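What follows is a set of notes on a single structure, which appears directly below.
All of the numbers you see were taken from the coordinates with simple rules; none came from a lab. Everything quoted here is computed from the prediction, not taken from an experiment. Cβ placement follows ideal geometry from the backbone for every residue including glycine, while neighbour counts extend to all protein chains displayed.
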Amino acid sequence: MSAPSSSSRPLRFRVVSVALATGLLSGCTMIPKYKRPTPPVATTWPAYQNTANPKLQQAAYDIGWSDFFTDPRLKALIAIAIRENRDIRVAAANIAEAQGQYDVQHAGLFPTISATGGPMYQAPSDAAGLSFAPGLGTSSSESSGMSIARDPFRYYQGGIGFSSYEIDLFGRIRSLTRESAEKAFSQEANLRGMLISIVSQVATAYVTWLGDRELLAVAENTLAAQEDTLRLTRQKYDHGEANLLTVRQTETQVRQSAGLRADARRKIAQDENLITLLIGAPIPGTLPDPRPLGQQSILADIPAGLPSDLLTRRPDIVAAEHDLLAAQADIGAARAAFFPRLTLTASDGISSLAFNKLFTSAATTWGLNPQLQIPLWTWGMNSGNLKASKARRNGKIASYEKTVQSAFREVADALAARSAYLDEKKQADELVLASADAYRLAKMRYDAGTDSYLTTLDSQRAYLQSQQNQITVNVANYQNLITIYRALGGGWKEHSLPPQSPVSIAHQPVSQTG
């Protein structure tokens, strides 16, 4: 059994080479040239007081959450959330799906090569004719009336090739591939946005939990002091040194403080339920002890940077732009549908009527079947697809601009509130000091018998309210800092990026020409 001659070997690769060369020589895509829409927003942020640490003048986007937050308990909770949160798992699965869709679409740029082989056996019928295949059967003359002797038809073949491979002359497939790529980039940006959101939600819920713990401590301390006061007041009443009104007023304060304690316990339980949901797992009992409220970060403020920075650093804006670029690419595919399509079917292999001659040079065979499809009348289908693609693109432009507007408004609101929160915190701290001193003086006057208990009661109530207000302001102030950190795009990475290292959260859009 002889091997195929060397002169026949180029035939085995001729068709594939022609197809690949044609693909490389195909023209550019028909994707419209892209120009980023001008954001319909202001070019400056509202003025606010910046008290950031001068040693950490990094943009929020470059500060990793593990470096921004210093509370070891909070850092442990965030790490659990990133590992266990179900929303992050869904976003990761969406990325994998989008990447798979891109691989499927990108594969269309190349011929799907497959190998085939096998025998074929067929026995001719009486009506098949006598010249069905030379040498395959013996027969007598028709006029003799003798029966026909037939042998089965045998055919053996094997080879490698592809079918219906479209040469991308006008960029239709590459436009669809670009669309799939942009959708994958959008899902990647969505995942980073989800990471930022989860980090922010866990931190915000944690700060709320710390504030409710402080409210519980204030309620318990106040309740303990009022119970002592009630005990002493009852003793005075028993000895005729106090009246029943004073006893009832003291009892009222005790019951109110007991109600505040119960309410704080309820809030703490609900805070823990929310944290459990956010981290996607039960809160471990071995976590480090929390730091006092206000000591969760080394930063008191964050540099806002330029408004234009948001366009490349906010994941939701980046995702919206990739959606817009995907719509642009879809227009290119819709345009290409108006032009002819060239498809190839090719094979290279061996075939023989005798198995013992299948692997000889004489059995070498190849085939090439190009087909040109020219759209003549599509009854509006192609023009309708192009019209729909352009409409989707226009909708994506509006969605992108709305996303930019919403992001700028969120940042501007957080920055505008920053100075107010800092001033409010200062006033709340001074109010606590003043009300504490007023309560101390009122109690001294009551104990000395120079004033009624009503003054002491009012002073104690004012002191309690000032403490509650101080905690509420501290919680809001720190949550505002977390909001600024998130709104500026911080929290998608665990550790800080080098200050001089320009990093983009996704592939940056590039100009496209059609």
Modelled FRET efficiency - R0 60 Å, residue 355 with residue 99, Cβ distances, 0.05 increments: 0.85
Rg in Å to one decimal, and Dmax rounded to a whole Å, for the range 384-425 via C-alpha atoms: 18.3, 60
Proxy reagent accessibility, fewest Cβ within 10 Å first, across 194, 120: 120, 194
Cα-based convex hull volume of the range 188-291 per residue, rounded to whole Å³: 111
Inter-label distance, nm, simple model (7 Å from Cα along the C-beta direction), residue 263/residue 235: 3.2
Computed Kirkwood radius, in angstrom, where 1/r is averaged over Cα pairs of the range 335-453: 24.6
Cα centroid of the range 277-306 to Cα centroid of the range 354-378, whole Å: 68
